[in-house]
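J.: Questions regarding the structure given below will be posed in turn.
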Amino acid sequence: MKASNLFEPVDLGPLRLANRWVVAPMTRVSATIDGQATPRMARYYADFAAGGFGLVITEGIYTDRAYSQGYLFQPGLAADAQRDAWRPVVAGVHAAGGRIVAQLMHAGAISQGNAHRAVAKGPSAVQLAGVQMSFYRGEGPYRMPEAMTLAEITAAIDGFAAAALRAREAGFDGVELHGANGYLLDQFLTEHTNRREDGYGGALVQRLRLGVEVITAVREAVGAGFPVGYRVSQGKVNDFGHKWRGAEADAALVFRALSAAPIDYLHTTEFEAWQPAFGEGPSLAALARRYGSVPVIANGSLHDPARAAGMVARGEADLIALGRGALSNADWPRRVRDGLPLEEFDRALLSPLADLANADRRRARTARA
Ligand SMILES: Cc1cc2nc3c(=O)[nH]c(=O)nc-3n(C[C@H](O)[C@H](O)[C@H](O)COP(=O)(O)O)c2cc1C
């Protein structure tokens, strides 16, 4: 069997997983306009569990009815009706033998579609790089965001905590806090989007403060026995090449502080997860493992099973998350285990919209052809 070490069980804090294959979080803008999960989403998520993934991480779920929503048709955990709509999704994954973690996401300044608010808010009123994503129904440059007040920061923290509690009530096996990819928590971490002069801006430890406070509040809401993870990246959806200025010193501080907050796992994502994080030396996942004290999920172009298994064998990661590969092969782990061929990623699954209806139409067309 190829990559046999990825078929060994692993624990994320109190959560035992059957293997080390993880579905990466992927926004599919396929909820109702009210942010409720649908039967189509339940089928989509259950397929990954049936296909052998030990853990499924959901798409980024918005946390409050203020500034957190990033995309129209994004699902939420900001209301009890949204929580209840997740129950069949969770039950479907469990019935197929898998585990499912809810990714909690606040879009902050890069929100491009919010049913609850007409303006976007982030750490500072700074025009963001990049353009809105058309496959999530966006167009043109990002709106100029407004700087959050201290009361709005407190409300955002409370939103994460309340959403985490709803996730636990819906039956999820844990939550992952989206601290990566240029969304709110990463906007606070990043010098050029965080120009604040209060206790949430300035030195790295202060820019990390919001992330740590969100972990603390979530932990208090859900209790010690419920897994809490944290996703970290350098690159951003609107700024792929961003690198931490302090290199390994920054990584040491970030991973130590997040682990101690405390969390149950770190999830790092880079374009190519095995590459040195800073030109030379260890990858970001390996640095998370070195300076953090919790298991590490590595993500980013890990579609060669031998390479994925190598990262785990060398102690650079504990689990491997796949994004695009899982979209074209919901049964990726089974195929690897049985030595079956893997489908190439088909980008038409995400075009013109990255939603499930579009992907289902594409699959039906390909099956007929
Ligand atoms: C359609 C799509 C949606 C995504 N949405 C999210 C998201 O909601 N949250 C997140 O943390 N990452 C998101 N990502 C990033 C993936 O989790 C992953 O980091 C990226 O696809 C690289 O991994 P891969 O090389 O295995 O595809 C998304 C990626 C894709 C392709």
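J.: I need the full set of residues from region 258-278 which are under 19 Å from Tyr183 (Cα atoms) and of a type in the set (A, V, I, L, M), in order please.
T.: Across region 258-278, the qualifying residues are Leu258, Leu266.
J.: For region 223-235, what are the residues that are touching a residue at least 60 places away in the same chain (Cβ under 8 Å) and farther than 17 Å from Leu258 by Cα?
T.: The answer is Gly225, and nothing else.
J.: Which of the residues spanning region 102-123 are in a loop (DSSP other than H, G, I, E, B), more than 16 Å from the ligand (Cβ to nearest atom) and open to solvent by 10 Å² or more (accessible area, probe 1.4 Å)?
T.: Hits for region 102-123 are Ala115, His116, Arg117, Ala118, Val119.
J.: Among the residues of region 79-99, is any open to solvent by 10 Å² or more (accessible area, probe 1.4 Å), touching a helix residue (DSSP H, G or I) at 6+ places or on another chain (Cβ under 9 Å) and part of a strand (DSSP E or B)?
T.: Scanning region 79-99, I find at least one residue that is open to solvent by 10 Å² or more (accessible area, probe 1.4 Å), touching a helix residue (DSSP H, G or I) at 6+ places or on another chain (Cβ under 9 Å) and part of a strand (DSSP E or B), so the answer is yes.
J.: Just checking, does region 124-142 include any residue being outside any loop (DSSP other than H, G, I, E, B), without any contact (Cβ under 8 Å) to a residue 40 or more places away in the chain and over 16 Å from Tyr67 (Cα atoms)?
T.: Looking through region 124-142, at least one residue is outside any loop (DSSP other than H, G, I, E, B), without any contact (Cβ under 8 Å) to a residue 40 or more places away in the chain and over 16 Å from Tyr67 (Cα atoms).
J.: Quick check, is Tyr142 away from the ligand (no atom under 16 Å from the Cβ) and open to solvent by less than 30 Å² (accessible area, probe 1.4 Å)?
T.: yes
J.: Go through region 334-354 and give me each residue that's among the aliphatic types (A, V, I, L, M) and in contact (Cβ under 8 Å) with a residue 40 or more places away in the chain.
T.: Those that are among the aliphatic types (A, V, I, L, M) and in contact (Cβ under 8 Å) with a residue 40 or more places away in the chain: Val336, Leu350, Leu353, Ala354.
J.: Of the residues Asp34, Asp11, which single one is part of a strand (DSSP E or B), among the acidic types (Asp, Glu) and open to solvent by 40 Å² or more (accessible area, probe 1.4 Å)?
T.: Asp11
J.: Would you confirm whether any residue within region 69-76 is surrounded by 23 or more Cβ atoms within 10 Å (Cβ to Cβ), in a strand (DSSP E or B) and in contact (Cβ under 8 Å) with a residue 24 or more places away in the chain?
T.: The answer is yes; a qualifying residue exists.
J.: Go through region 126-139 and give me each residue that's buried (at least 20 other Cβ atoms within 10 Å of the Cβ) and modelled with pLDDT under 95.
T.: Leu128
J.: Looking only at residues that are open to solvent by less than 10 Å² (accessible area, probe 1.4 Å), closer than 18 Å to Gln69 by Cα and without any contact (Cβ under 8 Å) to a residue 60 or more places away in the chain in region 153-202, which one is farthest from the chain's Cα centre (by Cα)?
T.: Applying the filter and picking the extreme gives Ile153.
J.: Take Arg209 and tell me if it is away from the ligand (no atom under 14 Å from the Cβ) and basic (Lys, Arg).
T.: Yes, satisfied.
J.: Any residue at all in region 193-209 that's within 27 Å of Val56 (Cα to Cα) and in a helix (DSSP H, G or I)?
T.: There is no residue in region 193-209 that is within 27 Å of Val56 (Cα to Cα) and in a helix (DSSP H, G or I).
J.: Is it true that Gly98 is closer than 30 Å to Gly54 by Cβ and within 21 Å of the chain's Cα centre (by Cα)?
T.: Taking the combined requirement at face value, the residue satisfies it.
J.: Inside region 47-68, can you point out the residues that are aromatic (Phe, Trp, Tyr) and open to solvent by less than 10 Å² (accessible area, probe 1.4 Å)?
T.: Result: Phe48, Phe53, Tyr62.
J.: Okay, moving on. Within the set of pairs 6+ apart or on separate chains, which have a first residue in region 236-249 that is assigned to a loop (DSSP other than H, G, I, E, B), a second that is open to solvent by less than 30 Å² (accessible area, probe 1.4 Å) and at pLDDT below 95, and C-beta atoms under 8 Å apart?
T.: If the second residue must be open to solvent by less than 30 Å² (accessible area, probe 1.4 Å) and at pLDDT below 95, the pairs left are Asn238/Leu128.
J.: Only residues that are buried (at least 20 other Cβ atoms within 10 Å of the Cβ), within 16 Å of the ligand (Cβ to nearest atom) and small (Gly, Ala, Ser): list them for region 230-256, please.
T.: Passing the criteria: only Ser233.
J.: So which residues in region 14-31 are under 18 Å from Gly98 (Cβ atoms) and crowded, with 24+ Cβ neighbours inside 10 Å, if there are any at all?
T.: Hits for region 14-31 are Arg20, Trp21, Val22, Val23, Pro25, Arg28.
The values are calculated or read from the model by the stated rules, or taken from the named source; none is laboratory data. These numbers were taken from a predicted model, which means no experiment stands behind them. Positions of Cβ are generated from backbone atoms using ideal geometry, with glycine treated the same way; all protein chains shown enter the neighbour counts. Only protein heavy atoms, including side chains, enter the accessible area calculation; ligands, DNA and RNA are left aside. Shrake-Rupley method; radii C 1.70, N 1.55, O 1.52, S 1.80 Å.
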